[in-house]
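In what follows, a structure is listed as structure tokens, so that the remarks can point back to it.
The values are calculated or read from the model by the stated rules, or taken from the named source; none is laboratory data. Keep in mind it's a predicted model, so treat the numbers as computed, not measured. As a convention, Cβ positions derive from the backbone with ideal geometry for all residues, glycine included, and neighbour counts pool all protein chains shown.
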Amino acid sequence: MRTTFAAALVGAALFATPSAAPAAEAGAELMTRDWSFEGIFGSYDDAAAQRGLQVYDQVCAGCHGMKYVAFRTLTDLGYSEEEVEQIASNYTVTDGPNDMGEMFERPAEPNDTWPSPYRNDAEAASIFGKAPPDMSVIAKARVGGADYLYSLMLGYDDEKGMDLSPGNYWNKFYPGNIIAMPPQLYPDLVQYADGTEATPEQMAADVSHFLMWAAEPKLEQRKRLGIGFMLFCTAMALIFYAMNRRLWADIKK
């Protein structure tokens with residue numbers, strides 16, 4: 001029985017979703033949302049993630065890459081293979097060497113990962129002072145997860161930022177409050193394909209949802225595996241219990 005109980009604990013870990021921290025490290029208490037992917041039975045909202053991809057593509061991709069996310073995985077969000085090919089072709093990747101021993105650029109393909117807009121971190125640092133973070137796993141790497149990203153995108157205060165040196169901005173949720181990334185979201189900045197109104201709050205929620213998927217694309221499969229494992233362990237525990245009662249029944253008499 002102890003072995004079965006221990007196995008059940010392992011199964012629980014397969015679908016447990018870490019709870020978001022109440023604060024962004026040394027920043028203010030985060031704003032929170034009811035994310036569809038939270039909880040044991042949570043799953044990604046494909047429509048929200050697709051809108052988030054639009055925000056990433058039109059707002060974030062100019063400064064941030066996703067070097068660990070392949071375009072082909074977008075089929076998990078409901079895109080067809082043809083649509084994935086079209087999305088990938090909007091990006092340019094470096095390939096080679098060719099027959100002349102030279103590197104060359106070409107349109108990205110589904111098997112490619114999201115490219116960085118810079119040749120290397122040194123080039124990015126020469127522009128911004130330091131390279132903007134890659135967005136592949138940022139939703140899991142930051143304390144607070146999706147809540148942190150959502151809060152950060154909405155946490156700017158232009159009035160307090162007026163006293164800062166050029167290139168610095170004040171953000172309520174960023175540790176230390178001084179951030180180099182300027183405000184990104186303004187009403188109707190993105191024309192959503194599904195007609196959803198593009199408010200800053202909506203865009204912040206959608207891109208946070210998409211980046212959570214990018215950081216953990218197999219979350220739904222992991223939860224299904226965990227639930228199946230827990231059901232198996234429960235069934236085995238009941239069987240062992242029944243066998244134990246049957247085996248010791250005559251002895252107890």
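Okay, here's what the table says:
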quantity: Candidates LEU225, LEU211, LEU185, filtered to the one that is hydrophobic (A, V, I, L, M, F, W, C), modelled with pLDDT under 95 and in contact with a helix residue (DSSP H, G or I) (Cβ under 6 Å, 6 or more places away or on another chain); calculated: LEU225
quantity: So PHE232, is it touching a helix residue (DSSP H, G or I) at 6+ places or on another chain (Cβ under 7 Å) and part of a helix (DSSP H, G or I); calculated: no
quantity: First in segment 205-228 and buried (at least 23 other Cβ atoms within 10 Å of the Cβ), second anywhere and in a helix (DSSP H, G or I) and β-branched (Val, Ile, Thr), Cβ under 8 Å, 6 or more apart; calculated: ASP206/VAL55; VAL207/VAL55; VAL207/VAL59; PHE210/VAL55; LEU211/ILE138
quantity: Top-ranked residue in segment 16-42 [being touching a helix residue (DSSP H, G or I) at 6+ places or on another chain (Cβ under 8 Å) and of a type in the set (Ser, Thr, Tyr); ranked as modelled with the lowest pLDDT]; calculated: THR17
quantity: Leading residue by the ranking (farthest from GLU29 (Cα to Cα)) among those in segment 114-150 that are outside any helix (DSSP H, G or I) and aliphatic (A, V, I, L, M); calculated: ALA131
quantity: Checking LYS172 against (1) surrounded by fewer than 19 Cβ atoms within 10 Å (Cβ to Cβ); (2) farther than 19 Å from ALA28 by Cα, the condition it does not meet; calculated: (2)
quantity: Test: GLU38 is free of Cβ contacts under 8 Å to residues at least 12 places away in the same chain and either in contact with an Asp or Glu (Cβ under 7 Å, 6 or more places away or on another chain) or surrounded by fewer than 20 Cβ atoms within 10 Å (Cβ to Cβ) (or both); calculated: no
quantity: Subset tally (residues that are surrounded by 15 or more Cβ atoms within 10 Å (Cβ to Cβ), within 21 Å of TYR118 (Cβ to Cβ), in contact (Cβ under 8 Å) with a residue 60 or more places away in the chain and not small (Gly, Ala, Ser)) for segment 59-87; calculated: 6
quantity: Strands (runs of 3 or more DSSP E) contained entirely in segment 43-113, each with at least 2 residues that are under 30 Å from ARG224 (Cβ atoms) and modelled with pLDDT of 95 or more; calculated: 66-70
